[in-house]
1. If you go through the stretch 63-77 one residue at a time, do you hit one that is surrounded by fewer than 18 Cβ atoms within 10 Å (Cβ to Cβ), part of a strand (DSSP E or B) and at negative phi?
2. Of the residues that sit in the stretch 31-54 and are open to solvent by 30 Å² or more (accessible area, probe 1.4 Å) and either over 17 Å from ILE132 (Cα atoms) or at pLDDT below 95 (or both), which one is nearest to the ligand (Cβ to nearest atom)?
3. Just checking, which of ILE28, ILE59 is part of a strand (DSSP E or B) and open to solvent by less than 10 Å² (accessible area, probe 1.4 Å)?
4. Residues in the stretch 103-112: is at least one buried (at least 19 other Cβ atoms within 10 Å of the Cβ), free of Cβ contacts under 8 Å to residues at least 40 places away in the same chain and within 16 Å of the ligand (Cβ to nearest atom)?
5. Can you tell me how many residues within the stretch 126-155 are of a type outside the set (Phe, Trp, Tyr), touching a residue at least 24 places away in the same chain (Cβ under 8 Å) and open to solvent by 90 Å² or more (accessible area, probe 1.4 Å)?
6. Would you check which residues across the stretch 6-22 are in a loop (DSSP other than H, G, I, E, B), open to solvent by 40 Å² or more (accessible area, probe 1.4 Å) and in contact (Cβ under 8 Å) with a residue 60 or more places away in the chain and list them?
7. Mind listing whichever residues of the stretch 105-127 are of a type outside the set (A, V, I, L, M) and within 20 Å of HIS29 (Cβ to Cβ)?
Amino acid sequence: MALIPILLYPDPRLHKVAKPVQTVDSRIHKLVDDMLETMYEANGIGLAASQVDVHERLIVIDVSQERDQPLVLINPEIVWSSEDKLLNEEGCLSVPGIYDGVERAKSIKATATDRSGERRNIDAEGLLAVCIQHEMDHLLGKVFVQYLSPLKRNRIKTKMLKLAREESR
Ligand code: NI
């Protein structure tokens with residue numbers, strides 16, 4: 001397994017739209033393992049392939065306290081979303097140190113292919129539902145700060161660019 005560098009907002013590659021995974025083969029297994037290692041190392045609860053510059057529909061998630069319940073969602077689709085919304089403070093490994101409220105469906109039903117290639121149904125609510133929606137946005141090239149006001153988003157962009165400049169010195 002190996003750590004993969006995570007793209008940082010406002011990197012334009014974060015806005016690419018991911019294509020479906022064609023076959024769950026050894027290349028995908030390695031990508032899943034590397035993404036899980038990268039997510040755990042960064043203390044994240046979710047990571048989309050788009051964030052590691054692989055533009056295929058694949059996300060990994062672990063919202064458990066013990067960090068021992070990895071979920072692999074390949075070609076995920078949301079088939080139902082509740083009208084009930086939840087306002088949750090979100091963060092993102094591509095926008096480190098920034099947290100802000102985003103409203104999302106409180107519960108969802110989704111389908112996705114798992115690591116072994118089986119298609120599965122997922123009923124999710126609360127944090128897991130929010131996380132799946134956040135990560136699936138990445139596959140569409142969308143980062144959570146795009147839900148915030150233009151003023152807030154510009155402040156975040158400026159802050160991130162300043163950090164990147166300082167780090168490259
Ligand atoms: Ni994110």
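1. Taking the stretch 63-77 as the starting set, the residues that turn out to be surrounded by fewer than 18 Cβ atoms within 10 Å (Cβ to Cβ) are 63-70, 77.
Adding the requirement that they be part of a strand (DSSP E or B) leaves 77.
Narrowing further to those that are at negative phi: 77.
For the stretch 63-77, residues surrounded by fewer than 18 Cβ atoms within 10 Å (Cβ to Cβ), part of a strand (DSSP E or B) and at negative phi: present.
2. Taking the stretch 31-54 and keeping what is open to solvent by 30 Å² or more (accessible area, probe 1.4 Å), we get 33, 37, 40-43, 45, 53-54.
Narrowing the set further to residues that are either over 17 Å from ILE132 (Cα atoms) or at pLDDT below 95 (or both) leaves 33, 37, 41-42, 53-54.
Details: ASP33: 20, GLU37: 17, GLU41: 15, ALA42: 11, ASP53: 14, VAL54: 15 Å.
Ranking the qualifying residues of the stretch 31-54, first place goes to ALA42.
3. Working: ILE28 fails: part of a strand (DSSP E or B).
That would be ILE59, the only listed residue that is part of a strand (DSSP E or B) and open to solvent by less than 10 Å² (accessible area, probe 1.4 Å).
4. Taking every residue of the stretch 103-112 in turn, at least one turns out to be buried (at least 19 other Cβ atoms within 10 Å of the Cβ), free of Cβ contacts under 8 Å to residues at least 40 places away in the same chain and within 16 Å of the ligand (Cβ to nearest atom).
5. 1
6. Residues of the stretch 6-22 that are in a loop (DSSP other than H, G, I, E, B), as a first pass: 6-11, 16-18, 20-22.
Now narrow it down to the ones that are open to solvent by 40 Å² or more (accessible area, probe 1.4 Å): 6, 8, 16-17, 20, 22.
The answer is ILE6, LEU8, LYS16, VAL17.
7. We begin by selecting, within the stretch 105-127, every residue of a type outside the set (A, V, I, L, M); these are 106-107, 109, 111, 113-121, 123, 125-126.
Within the stretch 105-127, THR113, ASP114, ARG115, SER116, GLY117, GLU118, ARG119, ARG120 meet the criteria.
Every residue, every condition in (1) closer than 17 Å to LEU14 by Cα; (2) of a type in the set (Asp, Glu), yes or no:
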residue	(1), (2)
GLU66	no, yes
PRO70	no, no
LEU73	no, no
GLU89	no, yes
ALA105	no, no
GLY126	no, no
LEU139	yes, no
TYR147	yes, no
ARG153	yes, no
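The values are calculated or read from the model by the stated rules, or taken from the named source; none is laboratory data. Please read all numbers here as calculations on a predicted model, not as lab measurements. No Cβ is skipped: glycine too gets one built from the backbone with ideal geometry, and neighbour counts run over all protein chains shown. When the accessible area is computed, the model is the full protein with side chains, heavy atoms only, and any ligands, DNA or RNA have been set aside. Shrake-Rupley method; radii C 1.70, N 1.55, O 1.52, S 1.80 Å.
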